[in-house]
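The values are calculated or read from the model by the stated rules, or taken from the named source; none is laboratory data. As the structure is a prediction and not an experimental result, all values here were calculated from the model. In this analysis, Cβ positions are derived from the backbone assuming ideal geometry, glycine residues included, and neighbour counts consider all displayed protein chains.
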There are 2 protein chains.
Amino acid sequence: MRTDDMILVSIDDHVIEPPDMYERHVPAKWRDEVPKVVKNDAGVDQWVFQGQATSTPFGMAATVGWPREEWGFEPGAFSELRPGCFDVHQRVRDMDVNGVLASMCFPTMAGFNARTFNEAVDKELSLVMLQAYNDWHIEEWCGPYPDRFIPLGIVPMWDVDLAVKEIDRIAKRGFRAISFLEAPHAQGHPSFLSGHWDPMLQALVDHDMVLCLHIGGAWDIVKLAPEAPVDHWIVVPSQLTMLTAQDLLFGPTLRRFPGLRVALSEGGIGWIPFYLDRVDRHFQNQAWIGNSFGDGKLPSDVFREHFLACFITDPSGLKLRDEIGLDVIAWECDYPHTDTTWPESPEFVANELARSGCTDDEIHKITWANASQFFRWDPFAHTPKERATVGALRARATDVDTTRMSREEWRKRNEAAGIGVV
Amino acid sequence: MRTDDMILVSIDDHVIEPPDMYERHVPAKWRDEVPKVVKNDAGVDQWVFQGQATSTPFGMAATVGWPREEWGFEPGAFSELRPGCFDVHQRVRDMDVNGVLASMCFPTMAGFNARTFNEAVDKELSLVMLQAYNDWHIEEWCGPYPDRFIPLGIVPMWDVDLAVKEIDRIAKRGFRAISFLEAPHAQGHPSFLSGHWDPMLQALVDHDMVLCLHIGGAWDIVKLAPEAPVDHWIVVPSQLTMLTAQDLLFGPTLRRFPGLRVALSEGGIGWIPFYLDRVDRHFQNQAWIGNSFGDGKLPSDVFREHFLACFITDPSGLKLRDEIGLDVIAWECDYPHTDTTWPESPEFVANELARSGCTDDEIHKITWANASQFFRWDPFAHTPKERATVGALRARATDVDTTRMSREEWRKRNEAAGIGVV
């Protein structure tokens with residue numbers, strides 16, 4: 001397949017919430033209480049909610065426009081960012097220039113899974129803002145471009161009944177998935193095995209929605225050496241997705257909810273053959289435990305019925321695509337994080353797919369068809385297939401400048417244009 | 001290659017220490033203080049040391065002779081075991097009938113890595129017994145069969161200077177490796193990254209010995225859900241070896257000790273391609289961190305210079321042997337644990353090697369040559385090559401009965417023969 005003929009749907013990207021997003025989506029009585037971006041004395045833009053500085057939208061989370069030497073964990077200002085991080089119209093142009101038809105975007109300020117609202121004290125206020133996030137996401141981020149985004153919501157994890165209600169509410173608004181904790185017990189919540197989350201999982205099944213579990217949520221599950229360098233924080237999380245699969249596969253969850261679909265967001269795919277070899281052997285070897293995965297089924301069969309995994313770059317994993325399961329693999333872009341391949345994603349992934357010997361049919365499955373099927377989201381509802389390709393999208397974005405520029409340079413340009421000024 | 005023509009060297013098996021082993025290897029003044037096996041009221045044989053019942057040698061650790069339905073974590077008695085678990089002469093016959101030329105055996109009562117002695121209060125006494133273990137291992141376990149065992153020692157981890165002295169001592173006695181904690185910080189010790197263990201690592205390098213890090217030692221590194229079923233305890237440990245590799249590769253250790261060789265015992269091999277893809281991409285992508293792995297080297301190059309990995313059954317991993325590195329892969333039997341393929345190991349591994357398309361040369365590397373080279377242990381020093389094969393070994397063990405029998409049946413037979421009676 002020619003690179004220009006590929007179709008790319010990315011199921012893991014990130015939105016940097018723009019500073020004014022909450023105020024437009026809360027009832028008037030709450031308007032003074034919304035999270036606000038405040039520039040501190042060091043020139044750093046900080047989100048402040050309930051009197052606490054909760055997060056900055058920067059450092060490693062929005063490096064897409066910068067040269068590698070400027071990456072790092074130092075916080076910064078909105079004006080230093082490539083505007084596609086927080087401006088949906090610019091984002092779509094950045095998708096065009098990268099040949100990406102559609103994207104599913106995780107929150108940043110809210111945490112990948114609403115953690116910021118869970119950690120705030122006043123939960124009534126947290127719920128209002130969480131709902132404002134979801135409303136903003138569907139109305140302002142996805143709304144203007146229904147053909148370009150798969151809507152992804154968040155839920156109030158501090159109260160499972162409220163989570164059910166929020167799923168009911170956002171399902172009606174067209175959300176196709178929620179982002180949740182990959183290892184709730186690692187953060188003081190009941191585990192997936194406890195049954196506590198079952199009403200929420202039932203609601204997802206009822207609405208035919210997907211449970212997205214993004215890496216990083218299980219971070220607290222591992223005790224690292226105190227001297228662990230920054231590399232550990234970047235390398236290790238994608239190596240822990242197996243623990244999430246194990247909790248769901250060997251706990252009661254998947255057997256209790258045969259219709260549940262779980263996306264392992266940013267978890268990679270190369271760990272799966274090793275893990276499936278292990279669990280199938282375990283199941284057959286340790287017969288004394290008395291596990292059952294259904295008539296004649298192996299754990300790997302059940303895994304493949306429920307999970308979608310995705311990769312940014314995973315050459316070894318692609319070589320073992322048959323062992324993983326061809327329907328299980330999807331692609332992601334991870335814009336605007338450091339791991340993203342933007343703006344050369346088409347070349348990058350085409351090269352990997354070619355080197356692993358994928359057929360055209362396999363490439364279609366991996367780059368868009370599996371994701372579309374899994375999220376029940378038709379990529380061609382608004383865009384005819386011939387206009388959805390890498391070549392067609394790039395053809396209309398020839399004016400998009402993809403040059404990496406220093407934070408300083410971005411600040412000058414953005415401030416001059418009144419972009420990202422707090 | 002015909003199965004009968006293979007040569008098998010297993011770098012991970014386990015000895016169940018026999019009840020009388022310590023008393024023969026301590027000075028007279030300590031004879032009353034040795035760990036003793038005491039049968040409790042429930043008929044369970046327990047090791048008692050310093051007034052504490054420290055471990056039982058059973059449950060999942062010695063199931064080799066039993067039908068699968070009888071496996072489990074219940075403790076038991078020596079007399080219920082297949083004698084090859086604790087009797088070296090019977091062990092060698094069990095190796096013969098399984099076509100295994102040589103084996104490296106980890107302790108059980110002492111813990112894979114001397115943990116039992118580390119946890120005891122009186123460390124002077126612990127050191128005496130630890131040394132007695134090493135002396136027993138070299139004199140009684142390996143001594144009568146120098147062609148069948150690669151000597152593996154343990155060290156007093158509570159005092160790194162003592163550990164150095166013990167390495168100096170056992171190196172002179174012919175030990176080729178020590179077994180140590182895969183994640184010391186997970187058990188309250190300084191981490192590998194701390195530099196605390198450097199004198200011990202230097203001693204290993206000075207004596208050209210190998211650091212063996214067996215799975216299970218890092219168990220405490222992960223916070224599992226309280227409801228985690230027994231499956232987690234069996235499936236997860238081999239999935240965590242990556243954390244050990246990460247500590248050594250991105251900490252200062254491997255760069256500080258270019259001659260250090262590390263065996264990842266029972267860690268499997270299928271995780272390695274995914275991990276190496278990740279760390280090479282990380283190194284190249286996150287240039288701002290300023291890592292260096294030596295002139296023009298990638299992290300994967302350094303990994304391959306230092307590590308030996310091994311597998312029991314790992315079909316997907318074998319398919320990616322080129323991505324792992326052909327010199328990095330070794331085989332293990334895991335006798336007498338549940339994961340062992342005894343007594344059909346030759347057929348089991350031959351089938352996997354054949355299905356992955358291994359050449360004869362690759363099979364030799366994986367089944368014996370890599371291990372022999374890594375541990376600087378010549379398998380043909382005492383046994384001519386033509387007598388070291390699966391076929392030759394099995395030919396002299398045609399009288400060995402490999403029938404699985406119930407614990408009850410073993411007890412009857414062993415007690416009648418005066419075997420394992422405490």
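Scanning region A:56-102 for residues that are of a type outside the set (D, E), within 14 Å of chain B (Cβ to nearest Cβ) and assigned to a loop (DSSP other than H, G, I, E, B) returns A:T63, A:V64, A:W66, A:P67, A:W71, A:G72, A:F73. Give the residues of region A:180-211 that are in contact with a strand residue (DSSP E or B) (Cβ under 7 Å, 6 or more places away or on another chain) and of a type in the set (D, E, K, R), sorted by residue number. Selection gives A:E182 alone. The residue that is modelled with the lowest pLDDT, among those in region B:212-242 that are in contact with a strand residue (DSSP E or B) (Cβ under 7 Å, 6 or more places away or on another chain) and assigned to a helix (DSSP H, G or I), is B:I221.
Scanning region A:392-422 for residues that are touching a Lys or Arg at 6+ places or on another chain (Cβ under 8 Å) and among the small types (G, A, S) yields one hit, A:A397.
Checked across region B:252-266, the condition of being within 14 Å of another protein chain (Cβ to nearest Cβ), buried (at least 23 other Cβ atoms within 10 Å of the Cβ), in contact with a strand residue (DSSP E or B) (Cβ under 6 Å, 6 or more places away or on another chain) and within 20 Å of B:A371 (Cα to Cα) holds for at least one residue.
Any chance you could count how many residues in region A:320-331 are surrounded by fewer than 23 Cβ atoms within 10 Å (Cβ to Cβ) and part of a helix (DSSP H, G or I)? Count: 3.
Does A:D399 satisfy the condition of being acidic (D, E) and in a loop (DSSP other than H, G, I, E, B)? When the stated conditions are applied, A:D399 passes them.
Within region B:32-53, track down each residue that is in contact (Cβ under 8 Å) with a residue 60 or more places away in the chain and touching a Gly at 6+ places or on another chain (Cβ under 9 Å). Spell out the reasoning first.
Looking only at region B:32-53, we keep the residues that are in contact (Cβ under 8 Å) with a residue 60 or more places away in the chain, and these are B:33-35, B:37-39, B:45, B:47, B:49-50, B:52.
Within region B:32-53, just B:D45 meets the criteria.
I'd like to check something: does region B:164-182 contain any residue that is within 14 Å of chain A (Cβ to nearest Cβ) and touching a Ser or Thr at 6+ places or on another chain (Cβ under 8 Å)?
At the first step, the residues of region B:164-182 found to be within 14 Å of chain A (Cβ to nearest Cβ) are B:181-182.
Okay, now just the ones that are also touching a Ser or Thr at 6+ places or on another chain (Cβ under 8 Å), so B:182.
Scanning region B:164-182 turns up at least one residue that is within 14 Å of chain A (Cβ to nearest Cβ) and touching a Ser or Thr at 6+ places or on another chain (Cβ under 8 Å).
For B:E386, the test of being over 30 Å from B:E80 (Cβ atoms) and part of a helix (DSSP H, G or I) is passed. When each of A:D378, A:D361, A:D334, A:D322 is tested for being in contact with a His (Cβ under 8 Å, 6 or more places away or on another chain) and either modelled with pLDDT of 95 or more or under 30 Å from A:T253 (Cα atoms) (or both), the lone residue that passes is A:D334. Only residues that are closer than 12 Å to A:I366 by Cα, within 11 Å of chain B (Cβ to nearest Cβ) and in contact (Cβ under 8 Å) with a residue 60 or more places away in the chain were counted in region A:313-345, giving 0.
From (1) within 30 Å of A:G391 (Cβ to Cβ); (2) out of contact with any helix residue (DSSP H, G or I) (no Cβ under 8 Å at 6 or more places or on another chain), pick out the condition that doesn't hold for A:F86. Single failed check for A:F86: (2). Of the residues making up region A:184-211, those that are in a loop (DSSP other than H, G, I, E, B) and at pLDDT 95 or above are A:H189, A:P190, A:S191, A:G195, A:H196, A:W197, A:H207, A:D208, A:M209.
Here B:W71 passes the criteria (1) in contact with a helix residue (DSSP H, G or I) (Cβ under 6 Å, 6 or more places away or on another chain); (2) at pLDDT below 90; (3) closer than 28 Å to B:V400 by Cβ except the one numbered (2). Being in contact with a Lys or Arg (Cβ under 8 Å, 6 or more places away or on another chain), crowded, with 19+ Cβ neighbours inside 10 Å and of a type in the set (D, E) holds for only one residue in B:D96, B:D13, B:D4, and it is B:D96.
Among the residues of region A:393-411, what is the count of those that are surrounded by 14 or more Cβ atoms within 10 Å (Cβ to Cβ) and in contact (Cβ under 8 Å) with a residue 60 or more places away in the chain? Steps first, answer last, please.
So the first thing to find is which residues in region A:393-411 are surrounded by 14 or more Cβ atoms within 10 Å (Cβ to Cβ), and the list is A:393-394, A:397, A:400, A:402, A:404-407, A:409-411.
Next, from what is left, pick out any that are in contact (Cβ under 8 Å) with a residue 60 or more places away in the chain: A:393-394, A:397, A:400, A:402, A:404-407, A:410-411.
Final tally of qualifying residues: 11.
Restricting attention to region A:346-357, the residues that are in contact (Cβ under 8 Å) with a residue 40 or more places away in the chain and within 14 Å of chain B (Cβ to nearest Cβ) add up to 3. The residue that is surrounded by the fewest Cβ atoms within 10 Å (Cβ to Cβ), among those in region A:147-179 that are touching a Cys at 6+ places or on another chain (Cβ under 7 Å) and not small (G, A, S), is A:P151.
Among residues of region A:282-298 that are without any contact (Cβ under 8 Å) to a residue 24 or more places away in the chain, those with a beta-carbon under 8 Å from a residue that is crowded, with 17+ Cβ neighbours inside 10 Å and of a type in the set (D, E) at least six positions away or on a different chain give the pairs A:H282/B:D231; A:N285/B:D339; A:Q286/B:D231; A:W288/B:E70; A:I289/B:D231; A:L298/A:D280.
For the residues B:A228, B:A186, B:A203, B:A287, the requirement of being surrounded by fewer than 24 Cβ atoms within 10 Å (Cβ to Cβ), among the aliphatic types (A, V, I, L, M), farther than 29 Å from A:H185 by Cα and within 11 Å of chain A (Cβ to nearest Cβ) singles out B:A287.
The number of residues in region B:274-293 that are within 31 Å of the chain's Cα centre (by Cα) and either modelled with pLDDT under 95 or under 22 Å from B:Q373 (Cβ atoms) (or both) comes to 1.
Considering region B:267-284 alone, what residues qualify as being within 20 Å of B:K319 (Cβ to Cβ) and more than 7 Å from chain A (Cβ to nearest Cβ)?
So in region B:267-284, the residues within 20 Å of B:K319 (Cβ to Cβ) come out as B:267-278, B:280.
Correct list: B:G267, B:I269, B:I272, B:L276, B:D280.
Scanning region A:332-363 for residues that are of a type in the set (D, E, K, R) and assigned to a loop (DSSP other than H, G, I, E, B) returns A:E332, A:D334, A:D339, A:E344.
All conditions but one from (1) under 24 Å from the mean Cα position of the chain (by Cα); (2) surrounded by fewer than 20 Cβ atoms within 10 Å (Cβ to Cβ); (3) not polar (S, T, N, Q) apply to A:C85; the one that does not is (2).
Residues of region A:5-55 that are in a loop (DSSP other than H, G, I, E, B) and under 16 Å from A:P83 (Cα atoms): A:V15, A:I16, A:E17, A:P18, A:P19, A:D20, A:M21.
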